[in-house]
1. Give just the number: which of (1) surrounded by 15 or more Cβ atoms within 10 Å (Cβ to Cβ); (2) modelled with pLDDT under 90; (3) within 16 Å of residue A:244 (Cβ to Cβ) does residue A:292 not satisfy?
2. Filter region B:94-113 down to residues that are at the interface with chain A (Cβ under 10 Å from one of its Cβ atoms) and not in a strand (DSSP E or B) and give me whichever is modelled with the lowest pLDDT.
3. Which ones in region A:226-255 are under 36 Å from the mean Cα position of the chain (by Cα) and over 17 Å from residue A:180 (Cβ atoms)?
4. Restricting to region B:114-161, give me the number of residues that are touching a residue at least 24 places away in the same chain (Cβ under 8 Å), within 14 Å of chain A (Cβ to nearest Cβ) and assigned to a loop (DSSP other than H, G, I, E, B).
5. Could you list, in sequence order, the residues of region A:188-211 that are away from chain B (no Cβ under 14 Å) and part of a strand (DSSP E or B)?
6. Determine which member of the set A:389, A:373 is under 22 Å from residue B:247 (Cβ atoms) and part of a strand (DSSP E or B).
7. Only one of (1) within 14 Å of chain B (Cβ to nearest Cβ); (2) outside any strand (DSSP E or B); (3) touching a strand residue (DSSP E or B) at 6+ places or on another chain (Cβ under 9 Å) fails for residue A:339. Which number is that?
8. So if I check each of A:340, A:309, which one is in contact (Cβ under 8 Å) with a residue 60 or more places away in the chain, surrounded by 13 or more Cβ atoms within 10 Å (Cβ to Cβ) and touching a helix residue (DSSP H, G or I) at 6+ places or on another chain (Cβ under 6 Å)?
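The values are calculated or read from the model by the stated rules, or taken from the named source; none is laboratory data. Just so we're clear, the structure is a prediction, and the values are computed from it rather than from any experiment. All Cβ positions, even for glycine, are placed from backbone atoms using ideal geometry, and neighbour counts span all protein chains on display.
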């Protein structure tokens, strides 16, 4: 027989339930209720205790017992209260003969009773009892060590103070120093954040991270902001501070400061006829670096615009560009990959004068072809643009002039002659460039000598392939063609000629035989029949169970077939 | 007695003979019926005897067809929208509301298994400073092919629509092109029921480009694809002279495709179920049969096994 004592913890109310359960038909429960206000006299009345072999016995002074309470509810059985009357101990007793094994965690006692059977008593409600491990006493020196357990807290992990290294590394913030205020800060590159796309000015610029960002500024009071907002004033981007050559923690020597030299700085913005002139729309920093010697020189260029503030508030897009360059690399354009093109990098084209990015016509807000802005072609992106070019009445009479004008519009300022095969092509290396094939209108139409064929669509067809290692393939261009599609001029509605440019990238990659160049196992077996076995062998996982299962299946199958 | 051997004890090689119309023969027939028919009933009545449908996983071969239809709502008025599509007839119908966007797309095969895994789509709609986009409707058309069971070829679309009370600068969506199946596919053959264009680009009639009609005709199909991005991101704060941008990534995930199993696959699974139950019945009724004949429940003539070169042989020959 087992005796089990279930009880509320020491913190429970004096009316906590004490249950003693024994197996068999003798199982019974007593509910003890609070009968006295004090813990010391936490005497409980026993309901229905008379039928039970369990006797809640309270070792209490007799005077503490309220009238009617029953400390000993079965006549003839011994009472521990009698024996432990001098101590205030809560005990529940049962006849010793009923218990021959106990697994309760409480302190037990066997009490000999002179005129009856011995009692087996369980001591409850001892506040001193602890079945957990004894906690250590924490000294002040221990506290720091034990704090590592407090991971789950609103208190953030201690912030590491930025330590400045001896030189800038890629991605490090670039330090600037305000001479007048003697304040150290970082160079910032405003960027858009969140759904609004508004400028976040606190974004630090990273060393060697050449990139362009753009964001929007809102001016509710343009006339006030025009002159007071530093974001619109070119001077605030270079005056009063200098860039630190290398990051330095303490004293800043004069030789460590690099002044920012503005190239053709515009004047301060001013309001005129409700229009804010000279407002900065683009800032371009060009930073020369030299390895661990840090920043050698910084120059800044600006583009300004005029903001009209006729409506209540006006939005102004600003562009910020950081370019890092070094004298080690002579060409100014950044590489588009090394060696193969990176997906999304601009294509490099060259004519006899310079290397530049391939660009195509772009449309203005009203659908007309932009005179200055051109869209840069990105490697791998099939692109389509369309816009309308206005032709004057006089021009329309001169066919060759129109043709020339349209070809110039399609190709931009400088006609491209060669396209870089790889992203790291140098203009001096002949074999790194491929000649652009051009198919003009004159090639296509021969039967119509009188009509004026003008190009309306330019299809730039680029063939590329993957080369090199299978694990790290490099994209390279194998061929490019400018294919002009032409229409007779008279079939178009007069005035506006719709021009379309399409860029198509065609992947010519020929992969080696699957599994991609590795020696192939020749399964002369039905396709997929041994799939579970092949899967087990090819996939790294806990296949021991599966193998066992297959083995069993094979055994069963063979035994069936044998009999 | 008619000399028909009804049963032969497997171990003792005793043969039991009786007439064709005897009680033993009838009992044998009954036992045979009870052996072979109830397993069929058990297998059938416990459901799933005939395989009605089955599933497999396959990554579809999806390619963007470079066909799209785009409508941008620029205000509350009925005529305030800008539209463009790759269909010349639609563009002609738009007249001055036509605005040619800049498109830039790239399909990517990430795991280089020869099947495209996602499409990066970017559309830049040039806008005048006074115009504001408050809603976007975009149909992208794909060719969708499945090969593993039946060769299933269709032209499908991804439809993206978003409206906002706040004029936007950019709409960003990133989701899967999910297959939506209302009907089981075949297990073999070529299925080109839906290999018809979603938008009839050759038609000059405006009704063929009405979004309502396009969607209605498309949803009539039993197999379609849907673009599942329940929460596109709408960004506001467009600067003057900057275009409105739709930026979407459309993934082509591996699909679980339900199909109607073929005749032999159905028979195979039914056979597996029937035989596995039959084995138990065979064993049980084999024992019963053995008991019946060994204990002569029905009158039969037992014939002891023949021992070669023994007089028993002649005895046996005269037995009938």
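1. Result: residue A:292 passes all but (1).
2. First pass over region B:94-113, keeping only residues at the interface with chain A (Cβ under 10 Å from one of its Cβ atoms): B:96, B:98-109, B:112-113.
Then keep just the ones that are not in a strand (DSSP E or B); that gives B:96, B:99-101, B:109, B:112-113.
Numbers: B:96: 84, B:99: 90, B:100: 91, B:101: 93, B:109: 90, B:112: 80, B:113: 84.
Among residues in region B:94-113 that are at the interface with chain A (Cβ under 10 Å from one of its Cβ atoms) and not in a strand (DSSP E or B), the one modelled with the lowest pLDDT is B:112.
3. Of everything in region A:226-255, those that are under 36 Å from the mean Cα position of the chain (by Cα) and over 17 Å from residue A:180 (Cβ atoms) turn out to be A:229, A:231, A:232, A:234, A:245, A:246, A:247, A:248, A:249, A:250.
4. Residues of region B:114-161 that are touching a residue at least 24 places away in the same chain (Cβ under 8 Å), as a first pass: B:115-127, B:129, B:131-161.
Imposing the further condition that a residue be within 14 Å of chain A (Cβ to nearest Cβ) reduces the set to B:115-127, B:129, B:131-133, B:140, B:147-149.
With assigned to a loop (DSSP other than H, G, I, E, B) added as a condition, the list becomes B:115-117, B:126-127, B:129, B:131-132, B:147-149.
Total meeting the criteria: 11.
5. Residues of region A:188-211 away from chain B (no Cβ under 14 Å): A:188-189, A:201-211.
Those that are away from chain B (no Cβ under 14 Å) and part of a strand (DSSP E or B): A:188, A:204, A:206, A:211.
6. Numbers: A:389 fails: under 22 Å from residue B:247 (Cβ atoms).
Answer to the selection: A:373.
7. (1)
8. Details: A:340 fails: touching a helix residue (DSSP H, G or I) at 6+ places or on another chain (Cβ under 6 Å).
On inspection, the qualifying residue turns out to be A:309.
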